[in-house]
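This report refers to the structure that appears directly beneath it.
Any read-out appearing in this document is the output of simple, stated calculations on the displayed coordinates, not a laboratory observation. All of these numbers come straight from a predicted model, not from anything done at the bench. Note that each Cβ is placed from the backbone with ideal geometry, even for glycine, and that neighbours are counted across all protein chains shown.
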């Protein structure tokens, strides 16, 4: 019996960085690359690249490097991107509209196939390449469209009910942009993107940099 290779969570988080760099290399018609060169493009170090790729069973060839096309295929397979993932956007406000217009999704293996809102003025309007439908129909539409990923861009107060409806429709992964914590079953993958928190973290580093400059004094 073949045992599935376990890939550390931290490695999974870096695989998209490698894939982006490898896609650029493929466009440049570069067939092989060393771990150090790939590290430079991905913003990590060579030892980390070698360790991460070893979890994929790819060790490269001494003096030659890694086969770019092979790595693209393998990382896509590990990330579940061998076939397009069907996406629903829940919330047709400014953020939802911006995500619907984002041109990078198709190239990365994602297709927005459904959008939802509670505002009667938005229901029926074009939303990217799809039409906004009422949240009350979300579970049914998600199931019919075989949506696997839901992007939650509703206000905090509506986030949990939106997540519950998406899960009821069969969504297996949720990216929550609402500024609140939501809960999902153990079988559903959940990630949070709170732009306010990210800005607060950046503010910390800005303050630290300012303090370092002040402590150094005038040149």
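Write down the percent of antiparallel bridges among all DSSP beta bridges whose residues are both part of segment 85-192, to the nearest 5.
Working: 2 of 23 bridges.
In segment 85-192, DSSP labels about 10 percent of beta bridges as antiparallel.
Relative contact order for the chain: what is it in percent, counting Cα pairs under 8 Å that are at least 6 residues apart?
Values: 309 pairs, mean separation 27.3, N = 219.
Contact order relative to length: 12 percent.
Taking only DSSP H segments of four or more residues, each worth -39500 (n - 2.57), what value at 222 nm results for the chain once the sum is divided by all its residues, to the nearest 500 deg cm²/dmol?
Details: 9 runs with 102 residues, N = 219.
Counting only the DSSP helices, I get -14000 deg cm²/dmol.
When the label point is put 7 Å from the Cα of residue 158 along its Cα-to-beta-carbon vector, which residues of segment 177-219 have a backbone N closer than 15 Å?
Output list for this probe position: 177-180.
So, in Å, what gap is there between the alpha-carbon centers of segment 129-202 and segment 30-73?
34
I need the shape label for segment 112-219. Rule: rounded when a/c is under 1.5, else prolate if a/b > b/c, else oblate, with a, b, c from the alpha carbon gyration tensor. Present the calculation step by step, with values, prior to reporting the outcome.
Numbers: a/c = 3.38, a/b = 2.39, b/c = 1.42.
Since a/c reaches 1.5 and a/b is larger than b/c, the shape of segment 112-219 is classed as prolate.
Percent relative contact order of segment 9-78, based on C-alpha pairs within less than 8 angstrom and at least six residues apart? Spell out each step's value before the answer.
Details: 66 pairs, mean separation 25.8, N = 70.
It comes to 37 percent, rounded to a whole number.
Restricting to the chain, compute how many DSSP beta bridges are antiparallel as a %, nearest 5. Kindly include the intermediate steps, with their values, before the conclusion.
Numbers: 5 of 26 bridges.
Within the chain, antiparallel bridges account for around 20 percent of the total.
In segment 87-103, whose amide N lies under 18 Å from the spot 7 Å out along Cα-to-Cβ of residue 119? List them in ranges.
89-102
How many angstrom separate the Cα center of segment 110-124 from the Cα center of segment 84-108?
One Cα centre to the other: 11 Å.
At 0.36 nm per residue, minus the direct Cα-Cα distance, what do residue 79 and residue 195 gain on full extension? Give it in nm, one decimal, please. Could the numbers behind the result be given before it?
Values: separation 116, 0.36 × 116 = 41.76 nm, distance 2.43 nm.
Once the chain is fully extended between residue 79 and residue 195, it gains 39.3 nm.
Decide, for segment 79-143, between rounded, prolate and oblate: order the square roots of the alpha carbon gyration tensor eigenvalues as a ≥ b ≥ c, take rounded if a/c falls under 1.5, and otherwise choose prolate if a/b is larger than b/c, else oblate.
Values: a/c = 2.72, a/b = 1.55, b/c = 1.76.
Judged from the Cα gyration tensor, segment 79-143 comes out oblate (a/c at least 1.5, b/c at or above a/b).
Return the label of the correct value of mean projected area of the Cα convex hull in nm², as calculated from the structure shown, out of (1) 17.6; (2) 12.6; (3) 20.5.
Correct label is (1).
Can you tell me the relative contact order of segment 41-128? Whole percent, Cα pairs under 8 Å, sequence separation 6 or more. The partial results should precede the final answer.
Values: 65 pairs, mean separation 21.2, N = 88.
Relative contact order here is 24 percent.
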